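The structure appears below as structure tokens.
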Amino acid sequence: MTTRVLIADDQALVRTGFQMILDAQPDLEVVAAVADGADAVEQARRLRPDVCLLDIRMPRLDGLEVTRILAGPGVDDPLRVVIVTTFDLDEYVYGALRSGACGFLLKDSGPTLLVEAIRAAAVGDALVSPSITVRLLEHLARPRPTTARAAREPLTERELDVVRLVARGRTNQEVAAELFVSLSTVKTHLGSIQSKLGVRNRVEIAAWAWESGVVG
């Protein structure tokens, strides 16, 4: 299966560079490359790409707003979004992930990590630049004035095992290997966990785990 990708960045050289990197992969295809957020929303809704690769700072609509429109809370059939930016400010990272993004990369992360992030997003995993991950997890682990949202139903011990591994950045394949279960079993557990927690993706599962003290 070919993963169809939309690129949105206001710099022509960046768009061209990303497109060359992605189109060189046998399993990836760039279906659109646009220069601003409004065009990104229009083309994403028209083409329904598998992954949207968005810059933060763009004309008309920025990457965070585009993410909320395409993947935010309440969006029916949300798209998968990966943010790529030169800015690693904390508020951008948290804002992007809370808005529904399933990946956050710095533009200097390199082509290998870029391709890995696209492939991870396409199968429902999440990838955050290693330079950001430690700060992100430290932020999520800080004591909160309010507690994390309560689960709608208690998680089973095996579901908690899955949550802890997801919170530490493990992929579905790695979770399956560490728990000695099949990949389909992991996906079943993740579906149940999302339903019980009222979250939509593994990034929100990880955030809940750190905020609630399940991992620390």
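The values are calculated or read from the model by the stated rules, or taken from the named source; none is laboratory data. Note that this is a predicted model, so its numbers are computed, not measured. Neighbour counts run over all protein chains shown; Cβ positions are idealised from the backbone, glycine included. Side chains included, ligands, DNA and RNA excluded: accessible areas come from the protein's heavy atoms. Shrake-Rupley method; radii C 1.70, N 1.55, O 1.52, S 1.80 Å.
Open to solvent by 40 Å² or more (accessible area, probe 1.4 Å), within 17 Å of the chain's Cα centre (by Cα) and either assigned by the TED database to the domain that holds residue 24 or modelled with pLDDT of 85 or more (or both): is that true of residue 158 in this structure? Spell out how you get there, then give the answer.
Working: open to solvent by 40 Å² or more (accessible area, probe 1.4 Å): yes; within 17 Å of the chain's Cα centre (by Cα): no; either assigned by the TED database to the domain that holds residue 24 or modelled with pLDDT of 85 or more (or both): yes.
So residue 158 fails the test.
Do we have residue 44 as within 22 Å of residue 112 (Cβ to Cβ) and either free of Cβ contacts under 8 Å to residues at least 24 places away in the same chain or of a type in the set (Gly, Ala, Ser) (or both) here? So that I can check it myself, show each step before the final result.
Details: within 22 Å of residue 112 (Cβ to Cβ): no; either free of Cβ contacts under 8 Å to residues at least 24 places away in the same chain or of a type in the set (Gly, Ala, Ser) (or both): yes.
It is false that residue 44 is within 22 Å of residue 112 (Cβ to Cβ) and either free of Cβ contacts under 8 Å to residues at least 24 places away in the same chain or of a type in the set (Gly, Ala, Ser) (or both).
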Quickly run through segment 116-128 and pick out the residues that are modelled with pLDDT of 85 or more and either out of contact with any Gly (no Cβ under 7 Å at 6 or more places or on another chain) or open to solvent by 20 Å² or more (accessible area, probe 1.4 Å) (or both). 116, 118, 119, 122
May I ask you to list the residues in segment 1-18 that are surrounded by 17 or more Cβ atoms within 10 Å (Cβ to Cβ) and polar (S, T, N, Q)? 3
Answer residue from segment 74-115, given it is in contact (Cβ under 8 Å) with a residue 60 or more places away in the chain and over 14 Å from the mean Cα position of the chain (by Cα) and is least open to solvent (accessible area, probe 1.4 Å) among those: 107
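Just one of 184, 131 is at pLDDT 85 or above, within 23 Å of residue 51 (Cβ to Cβ) and open to solvent by 70 Å² or more (accessible area, probe 1.4 Å); which is it?
Details: 131 fails: at pLDDT 85 or above.
So the residue among 184, 131 that is at pLDDT 85 or above, within 23 Å of residue 51 (Cβ to Cβ) and open to solvent by 70 Å² or more (accessible area, probe 1.4 Å) is 184.
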